[in-house]
Each structure stands twice: as C-alpha cells, then as structure tokens.
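The values are calculated or read from the model by the stated rules, or taken from the named source; none is laboratory data. Owing to the predicted nature of the structure, the values given are computational and were not obtained by experimental measurement. Note that we place each Cβ from the backbone using ideal geometry, even for glycine, and neighbour counts take in every protein chain shown. Surface accessibility is based on the protein's heavy atoms, side chains included, excluding ligands, DNA and RNA. Shrake-Rupley method; radii C 1.70, N 1.55, O 1.52, S 1.80 Å.
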Amino acid sequence: MASIKEVNDRQKWEEFVTSCPESNFLQSFSYGQTHESLGKKVYYWGIFERKKIIGVSLGVVENAKRGRYLAIAGGPLVNWKEKNLIKFFFAQIFEIAKKEKCAFVRIRPQIKDSEEIRQILKENQLRPSPMHLTAEHTLQLNLKQNPEAILAQMRKNTRYEIKKAKKLGIKIVSTTDIKAVDEFYHVQAQTAKRQKFVPFSLPLIRAEFSSFAKYHQALLYKAVLERKPLAYALIIHYPTESSYHFGASTEAGRRLPAAPAILWQAINDAQKLGIPRFNFWGIVDKNQTKHRFYGVSVFKRGFGGEEVKYVPAHDLIINPLKYFPAYVLETIRKKVRRL
C-alpha cells in the first residue's frame, strides 16, 4: 500500500533523485530551497511503499496574478507504468492543492512525450496547459564521448568560432561569488530589452544561484577580452545533468565568438565532473521562424546533440471557476509574447 509523506532529509531526497537518470535540477532539494528563500511554500513529497521511497515530487505553491496554483516542474519522478500508483498520486495531490486553495495543479513530467503518457494524464483528469512550465523541447549533448567526438558533431561554424575565440585571446572565467550575479543581471536586462522578452527576476536568479553554488553545483561563467566582459552563462552542474539555464551578451560580445567559447568551457567542466549530459535548455522547432527564440535555437543546434521533447505541461483543475479565467488570460499572453 503506497503512502505520501514529506521528506525533510536532504541526503535521502538527493539519493533518490540522482538515482533517476532522467532527473535534473528541477526536482533537487536545492531547487526547493530556492523557492523557500523567496517566501514560497514548498512540498517535498516522498511516495513510499512501506518504508522504501519509490518516487518523489517537489511542489511549489505559486501566488500569481492569474491565480494561486501548485507547480511541479520536472516531476513526479516515479514509475509511470504503474497506473494505480499514478492514480493514487494525483488523488493525493488534488486534496493537498485543494487545502492550499489552489485553482489548479500544473505539472511538466520529466518523461519523453508520447501518446501513452498523454493518455495516462487524460485518464487522471489532466488537460494540456495553455502555457509551458520550464523547457519542454530541449537539446541535449551526450558527454560520455571524448572532446574530439563532441567537436566533430558540431556545426562547422560553431567549431570555427570556438577556435577563433582562443586565437583572439578571449578568456573564460567562472565564479560562485553571488556578487557576480548582479553584474550578469544588468547585462541580461539589456539582452531582454534588445530581444524583446521578459527576463527572470533578479531575486529569483540570486536565490537559485546561491542555493546551488552552496553545494558546488552552479557556476557563473564570463567571457572576457582585454578586461571587457563579452558574455555570461549561468550553468547548473547537477550530478545527473548540466543545464545552460541563463545567458546574456553585451553589445561587444554579440560581434565576437564569446558565447560558443563559454559553452565549450562549461561542457569541458561538466565532463571533468563526470556528469553524463549537457542540456542546452529550451529550443523551438526549426520551422518556427517567427518565434522569438528561433535565433537562439539556431545557435544551440550548432553544438549538435539530440533533441528531446518532454510531455508538455498539463493542468489538474481544482477550482473551475478560478481556473478558466486564468486559462483565457494565459492563452492571450502566449500569443502576445510569441511563445
């Protein structure tokens, strides 16, 4: 008989999460602490069979303008073939979300998209969300190859830019100093204005970096030429996956091969740490030429790798009267923001 109860032991939680090859930082204890430091309520649910953990799910209660909801990004980490267990999980989550007075639960499971998984979600009363919840379409690089093999699968122009950066004398430095995040954010704000997107808030980026850097799982990289900053990247080096979570370039950096040099350094660092894959994070389909992230997707594809599509975000409706106005608002927002 399965049961759900909170797990407050970081070591026990991390041991299970890192034992799941599909996992990444989204279900880590540090990700939960990131949101706790921002004043949010976070649940660390363990799914138990007697005393053994057979699944986990990190949930964050979000108080958004469109309504209060429970977000489960990259989870639950559980055996999706056990349909009775999945049914039990969603029944429990429904009751918890109801007590929290949430309008809905939004999940984006860390499992590849398929008709089978969508059918399981449908059978448990979930419906496709109008908006995404973290990257659904990603580009991932297998790091269990030697550097020469990784370089060989890159686009010719990407290899050339990496070599050019070295010839130009572009240096890559990295740090765990929280003060560097403010410098990065200033450049990211300029990048967002230039590319017309809404950046993540400074408090969130500071909280995330601080939570992971504390356990040597995050680095802020900077490309420099003659003491002038060119580009930045915040990389989370979680044991199961390194993730290119945030990036930004200065005006000077846009004209020089700084970003490829940073990512090549991050890839090499991830390999040295024994991390099995590098996730370039979100991309869009090749035919979505009008999408605002089309350009950055072209850049990421230059590194080669495998495109992985996870099952898209789904919603479990708790309060229909509050959910459907939020659904309409998010649908409009998606079109306006060209997402």
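Before moving on, here are some points about what is shown:
- Seen from ASN287, the other residues with C-beta closer than 14 Å to its C-beta sum to a net charge of +1, counting Lys and Arg as +1 and Asp and Glu as -1.
- Here's how it looks for ASP113: its modeled amide H is under 5 Å from those of LYS309, TYR310, VAL311, which are all 5 or more places away or on a different chain.
- For GluC sites (Glu not before Pro), no site in the range 104-147 is both called loop by DSSP and has at most 14 other Cβ atoms within 10 Å.
- Simple spin-label estimate for PHE200 and ARG118 in nanometres, 7 Å along Cα-Cβ: 2.8 nm
- Selection of chymotrypsin sites (Phe, Trp or Tyr not before Pro), the range 24-58, meeting DSSP coil and at most 15 other Cβ within 10 Å: none
- Rounded if a/c under 1.5, otherwise prolate or oblate - the range 1-109, Cα gyration tensor axes: oblate
- Whole-Hz Karplus values for the range 292-306 come out as 5, 9, 5, x, 5, 5, 4, 4, 5, 4, x, 8, x, x, 10 Hz, taken residue by residue from phi with 6.51 cos²θ - 1.76 cosθ + 1.60 and θ = phi - 60°; glycine and proline positions read x.
- Cut-off 11 Å between beta-carbons: net charge of the residues surrounding ILE275, Lys and Arg +1, Asp and Glu -1: +1
- Reachable aspartates and glutamates from LYS272, criterion Cα separation under 18 angstrom, eight or more residues apart if same chain: GLU148, GLU241
- Bridge orientation summary for the range 13-143: considering DSSP beta bridges with both residues in this region, about 75 percent are antiparallel.
- Cα gyration tensor shape of the range 272-339, rounded if a/c is under 1.5, else prolate or oblate by comparing a/b with b/c: oblate
- At a probe radius of 1.4 angstrom, the accessible area of the range 194-299 per residue rounds to 45 square angstrom.
- Label-to-label distance, nm, for residues given as ALA252 and LYS144 (7 Å Cα→Cβ offset): 4.3 nm
- Sorting the segments 165-171, 265-271, 143-149 by their mean number of nearby beta carbons within 10 angstrom, highest to lowest, gives 265-271, 165-171, 143-149.
- Rounded to 10°, Cα long-axis angle of helix 83-99 versus longest principal axis of the chain: 90 degrees
- Rounded, prolate or oblate (a/c below 1.5 giving rounded, otherwise prolate when a/b exceeds b/c) for the range 145-261 by Cα gyration tensor: oblate
- Helices in the chain, meaning DSSP H runs of at least 4 residues, each add -39500 (n - 2.57). Divided by all residues, the mean residue ellipticity at 222 nm is -12000 deg cm²/dmol.
- Separation of alpha-carbon centers, the range 1-49 and the range 112-156, rounded to whole Å: 21 Å
- The simple Förster model, with R0 at 51 Å and r as the Cβ-Cβ distance, assigns HIS291 and LYS12 a FRET efficiency of 0.80.
- Crossing angle, helix 258-272 versus the chain [Cα axis fit, 0-90 degrees, rounded to tens]: 60 degrees
- PHE293 sits with roughly 70 Å² accessible to a 1.4 Å probe, with DNA, RNA and ligands left out of the calculation.
- Each other residue within a Cβ distance under 10 Å of PHE25 adds +1 if Lys or Arg and -1 if Asp or Glu, for a net charge of -2.
- Within the accessible area of the range 1-148 (1.4 Å probe), percent carbon and sulfur: 48 percent
- Taken one residue at a time, the phi angles of the range 50-61 give Karplus couplings (6.51, -1.76, 1.60, θ = phi - 60°) of 6, 9, 9, 6, 10, x, 9, 7, 8, x, 10, 7 Hz. Gly and Pro are set to x.
- Accessible surface of the range 249-292, 1.4 Å probe, proportion on carbon and sulfur as whole %: 47 percent
- Beta bridges per DSSP with both ends in the chain, % antiparallel, nearest 5: 90 percent
- Positive dipole terminus of the range 27-185, leading residue within TYR44, ILE86, VAL181 (C-beta point charges): VAL181
- Axis of helix 320-336 versus longest Cα principal axis of the chain: the two differ by about 20°, to the nearest ten degrees.
- Most positive-pole-ward Cα, PRO128, PHE212, LEU316, against dipole of the chain from beta carbon charges: PRO128
- Exposure rank, largest accessible area first [THR191, THR176, THR134; 1.4 Å]: THR176, THR134, THR191
- Alpha-carbon centroid distance for the pair the range 157-175 / the range 58-75, whole angstrom: 39 Å
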